[in-house]
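**Student:** Quick one: the structure is below, questions incoming.
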Amino acid sequence: MASDHERLRALTAFDDTKAGVKGLVDAGVTAVPSIFHHPPECLPAADAELHHFTIPVIDLASDSRVALVAQVKAAAQAVGFFQVVNHDVPDDLLAEMLVSVRRFHESPVETKRAYYSRDHRRTVQFNSNFYLFQSPAASWRDTMFLQMPLAPSEEIPEACRAVAPEYARQVQRLGRALFELLSEALGLDPSYLEEETMCLDRVNISGHYYPACPEPHLTLGTSRHSDASLLTVLLQDTVGGLQVLLDDGKWADVPAVPGALVVNVGDYLQLMSNNRFKSVEHRVVANSVESRVSVACFIVPNQSSARVLAPIVTGDGSVARYRSTTVEDMFRYYRNRTKALNGTSALQHFTI
């Protein structure tokens, strides 16, 4: 096992290439470097039994508002993950967004290096593993980040420039519809969650690229984690690999459904819903066959906001399970925690 000094040196050398995991693959690696090795207990066992659970698919064009709210409520409470169809985001926009993210990651490394950064203040970034130096093991993944709207001095990479702004607008529109349904599911006015969080003026886009891996049994595309968001809206290609952890301790696949978007409850919403909605852990497994592309849109309040996130306590005798916290303090804790993406929920820090 490498010493801490040797591991830091290897991480730094990898980061200094500014080429990401795709750079390793392009260089012809046939073995996964040790910085990407995950402990066996964190990896899918070859003989592990997956849960045969079907992630709910919800038709947003339902004629019955009452039935639609009930479906969203049941999914948010039971598993925290669901897929939505008939969401009015055009199919050609979904396809072009996936193509544009792949186009960026498969562009020459010199093009991508201009965006390589670990400065969270930048609204356009490219890097490999947001928590590279904090996580116990690196993941087999590169990411392009866009914090929409961008800072005036920055611009979207050319590969995504024609499609990302419209995609962000469509996700914001969908986010508003979802917040209305979730507010009603909590017995509140449809506008409650949007007005309380003031989060729909922005969306953070992560365009993930998971290269084919020569030794997928040694690493993960994304480690087990829950999301630091209110809601996450995910667009995935057909390669597969996304899995969600269920209450019985087994993992279930989240398969690609044509035309669907995957929605999951984030930690911020679990806190605000006072545990009525569930932010569940999920991961992406690596594969040796082909590269995978996904686009995760995180709906979050302004990270420097002094706005307070407080548990919604109803008059049924329930008590707050979390302490109230500002968005700024919550984001600072997430950014600085040392046990990032390793199955340790940050919500534990805010539990009463």
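**Student:** Length gain on complete extension for the stretch residue 77 to residue 333, per 0.36 nm per residue less the alpha carbon to alpha carbon distance?
**Tutor:** Numbers: separation 256, 0.36 × 256 = 92.16 nm, distance 2.55 nm.
Stretched fully, the residue 77-residue 333 segment lengthens by 89.6 nm.
**Student:** Counting Lys +1, Arg +1, Asp -1, Glu -1, what net charge surrounds residue 127 among other residues with beta carbon under 11 Å of its beta carbon?
**Tutor:** Residues close to residue 127 contribute a combined charge of +3.
**Student:** On the protein heavy atoms, probe 1.4 angstrom, tell me the percent of accessible surface of region 203-278 carried by carbon and sulfur.
**Tutor:** 52
**Student:** Check cross-link reach from residue 278 to the lysines: straight Cα distance under 18 Å, and skip same-chain residues fewer than eight apart.
**Tutor:** Correct list for residue 278: 73, 250.
**Student:** Enumerate the lysines that residue 112 could reach by cross-link, defined here as Cα to Cα under 28 Å, with residues fewer than 8 away along the same chain left out.
**Tutor:** Excluding near neighbours in sequence, the set is 18, 22.
**Student:** Percent of accessible area on region 85-138 owned by carbon and sulfur, 1.4 Å probe?
**Tutor:** That fraction is 52 percent.
**Student:** Same structure, new question: Could you give the angle, 0 to 90 degrees to the nearest 10, between helix 91-105's Cα long axis and the longest principal axis of the Cα atoms of the chain?
**Tutor:** Once rounded, the angle reads 30 degrees.
**Student:** With the chain treated as a Gaussian network of Cα nodes joined by springs under 10 Å, which of 305, 100, 64 yields the largest mean-square fluctuation?
**Tutor:** 64
**Student:** Among rounded, prolate and oblate, which fits region 208-352 when a ≥ b ≥ c are the square roots of the eigenvalues of its C-alpha gyration tensor, a/c under 1.5 means rounded, and a/b larger than b/c means prolate?
**Tutor:** prolate
**Student:** I would also like to ask the following. So for region 69-180, averaging the separation of alpha carbon pairs under 8 Å that are six or more residues apart and normalising by length, what relative contact order in percent results? Intermediate values should be presented prior to the final figure.
**Tutor:** Values: 80 pairs, mean separation 29.1, N = 112.
Computed over region 69-180, the figure is 26 percent.
**Student:** Any idea what the dipole of the chain comes to, in debye rounded to 20, about its Cα centre with Lys/Arg Cβ at +1 and Asp/Glu Cβ at -1?
**Tutor:** That gives the chain a dipole magnitude of about 840 debye.
**Student:** Which value, in Å², gives the accessible area per residue of region 1-153 when a 1.4 Å probe is used on the protein heavy atoms?
**Tutor:** In whole numbers, region 1-153 has 52 Å² accessible per residue.
**Student:** With a ≥ b ≥ c the root eigenvalues of the C-alpha gyration tensor of region 24-111, is it rounded (a/c under 1.5), prolate (a/b larger than b/c) or oblate?
**Tutor:** oblate
**Student:** Next question. Which whole-number percentage describes the relative contact order of the chain, with Cα contacts under 8 Å and a sequence gap of 6 or more?
**Tutor:** 21
**Student:** What residue among 135, 78, 207 has its Cα farthest toward the positive end of the dipole of the chain, where the charges are +1 on Lys, Arg and -1 on Asp, Glu, each on the Cβ?
**Tutor:** 135
**Student:** Note down the magnitude of the dipole of region 166-249 about its Cα centre, charges +1 on Lys and Arg C-beta and -1 on Asp and Glu C-beta and zero elsewhere, to the nearest 20 debye.
**Tutor:** Dipole of region 166-249, to the nearest 20 debye: 320 debye.
**Student:** What residue among 20, 252, 104 has its Cα farthest toward the positive end of the dipole of the chain, where the charges are +1 on Lys, Arg and -1 on Asp, Glu, each on the Cβ?
**Tutor:** Result: 20, furthest along the dipole toward the positive end.
**Student:** Continuing with this model, one more query. In terms of the Cα gyration tensor, with a ≥ b ≥ c the square roots of its eigenvalues, is region 204-267 rounded because a/c is under 1.5, prolate because a/b exceeds b/c, or oblate?
**Tutor:** Details: a/c = 1.43, a/b = 1.19, b/c = 1.20.
Judged from the Cα gyration tensor, region 204-267 comes out rounded (a/c under 1.5).
**Student:** Distance from the Cα centre of region 56-111 to that of region 174-233, in angstrom?
**Tutor:** Here the two parts' Cα centres lie 10 Å apart.
**Student:** Could you state the accessible area per residue of region 203-316 in Å², with a 1.4 Å probe and every protein chain left in place?
**Tutor:** Normalised by residue count, the accessible surface of region 203-316 is 30 Å².
**Student:** Using alpha carbons only, how many degrees (0 to 90, rounded to 10) separate the axis of helix 65-78 from the longest principal axis of the chain?
**Tutor:** It works out to around 50 degrees.
**Student:** Shifting gears a bit: Pairs of alpha-carbon atoms within less than 8 angstrom and 6+ residues apart define the contacts here; what relative contact order does region 148-212 have, in percent?
**Tutor:** Rounded, it is 34 percent for region 148-212.
The values are calculated or read from the model by the stated rules, or taken from the named source; none is laboratory data. As the structure is a computational prediction, the values presented were derived from the model and not from experiment. Quick reminder, even Gly has a Cβ in these numbers, built from the backbone with ideal geometry, and neighbours come from all protein chains shown. For the accessible areas, the whole protein counts, side chains as well, though only heavy atoms, and no ligand, DNA or RNA atoms are used. Shrake-Rupley method; radii C 1.70, N 1.55, O 1.52, S 1.80 Å.
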